[in-house]
Each structure stands twice: as C-alpha cells, then as structure tokens.
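One structure is given here, and the rest of the page talks about it.
The values are calculated or read from the model by the stated rules, or taken from the named source; none is laboratory data. Note that the coordinates shown come from a computational prediction; the quantities given were computed from them, not determined experimentally. We place every Cβ from the backbone using ideal geometry, glycine too, and count neighbours over all the protein chains shown. Note: areas computed on protein heavy atoms with side chains; ligands, DNA, RNA excluded. Shrake-Rupley method; radii C 1.70, N 1.55, O 1.52, S 1.80 Å.
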Amino acid sequence: MNHLSDDVPYARSSLLGSHSSVHEVQSVNSSELVARLESYESSGKKGISDVRRTFCLFATFDFLFVTLLWIIELNSNGGIMDALQKEVVQYDYYSSFFDIFLLSFFRFNVLIFAYAMCRIRHWWAVAVTTAATCAFLLVKVILSRLFSQGAFGYVLPIMSFILAWIEAWFLDFKVLPQEAEAENRLLMIRSVSERASLLPPAPVSEGLFYSPPESPAESDEETEEKQDSEKPLV
C-alpha cells in the first residue's frame, strides 16, 4: 500500500506540469498570432502589394515596348525626323502608327493612376482601357492601310491588342483574388488574436486532484502475524 501513497505526489506534480505546459502552449500560440498579425499589418503598410507592383511593371512594359516598336518603325522609313514629320505633324489615320503609340500611352496613364496611385480594388479601369483598345484597333485595322506598310503594319496592332488583354487577365485573375485572400487572412488572424487576448488564463482547480486515504503503516502480512501471536496457546 505504500507505493500508492508514493504515487500521489507524483501524479499531482505531473498534472501541475501538464497544466503549466498548456498555459505555455497558449502563450506561444498567442505570441505567434500577434507576430503574424504585425507582419501582415507591416506588409499592408508598405502601400502596395507585390502582385500589384508586378501589374504596374507590366503596364510600364506595355508602354515602353510599343514605344520601342514605333521608334524602330520610324527608323525603318528612312529617318526618324522625316518619319515624325510625316506621322505626327501630317497625321493620317489610315497610314500613321502614331495613334497606336498614343493608345499605349493612354493605357499606361489610366492603369498607373488607378492601380498604383489611387490603389483601387476594382476591374473597371482595366476594363475601360481594354475595351477602348479593342474598339480602336478593330476600326483602324478595318479602315486603314496598315497592312500595306510592311511587317510593322501587323506587329504593332497585334502586340497592342495582346498586351491589353494580358493586363486585363492578370488583374482579374491574379491581383484582385490574391489581395482579397490576403485581406481575409489578415482579418481572420486579427479576430483570433483579439479573441485569445480576451480569454483570461484558466486557474488551477484543486478539484482536479484526488488524494486517496492513506493506508496503515503496517502491511497485511504483519497484521496477520500479530493476530496469530495474540492467540492463546492451548
């Protein structure tokens, strides 16, 4: 019976240790939540997300790429100054590429202003630029004489059309969903951390521990021997 009484303090200490470990786990989890919340808030305070920055870089690439193609087209027609005089000063809708360059400049300004400066979270701006690009290019290709001016009559309209649709796809399927997912994750972590901070630490309940009654110091064998010795001899 003595080994039972020896196990009682061990069980109590083990229960106390498990209860303290639970408190340590709760404190660690709350600290992790707070650290993750601070990381998300600091990333949000940067002003612009990584995927939105990539979209703005692609809009800049669109403008610079069309500009490069237009400059190459100007140099291919003898001289850049004579070609500028012909396409800009003496602008002709049916044969000039200057309006395609202006269309790319229009897309760049609208997208950068809407998604980098104003940081809107809607697709209306890219929808406007894509629709305007498609409508203008379709009308120009049908009415103009671009295809009679060599390879650039095909390359400039096609590349401008493709880049506008890539911008619309990238914003609608990458930028807006990823930012919405990050915002939902931030709200969830913030609510969990606030809920964990409101919960008080659970006190140690003495009712969880049960101490069995102490057994007599003498063992059963010693009791039987004592009773046999007390019997009268016949």
Where a residue in region 143-166 is modelled with pLDDT of 95 or more and its partner, wherever it lies, is acidic (Asp, Glu), with Cβ under 6 Å and at least six apart:
Leu163/Asp62
One residue is enough: does region 119-128 have a residue meeting the conditions part of a helix (DSSP H, G or I), touching a Leu at 6+ places or on another chain (Cβ under 6 Å) and closer than 21 Å to Ser49 by Cβ?
yes
From the residues in region 85-124 that are within 34 Å of the chain's Cα centre (by Cα) and β-branched (Val, Ile, Thr), which one is farthest from Val66 (Cα to Cα)?
Ile120
Test for Leu156: is it over 30 Å from Glu179 (Cβ atoms) and open to solvent by 70 Å² or more (accessible area, probe 1.4 Å):
no
Which one is surrounded by the most Cβ atoms within 10 Å (Cβ to Cβ), of the residues in region 111-151 that are touching a Ser or Thr at 6+ places or on another chain (Cβ under 8 Å) and closer than 22 Å to Gln178 by Cα?
Leu111
Given the structure, is Gly47 at pLDDT below 90, more than 30 Å from Val126 (Cβ to Cβ) and open to solvent by less than 50 Å² (accessible area, probe 1.4 Å)?
no
Taking Ser205 and the conditions (1) open to solvent by 50 Å² or more (accessible area, probe 1.4 Å); (2) at pLDDT 60 or above; (3) among the hydroxyl-bearing types (Ser, Thr, Tyr), which numbered condition does it fall short on, given that it satisfies the others?
(2)
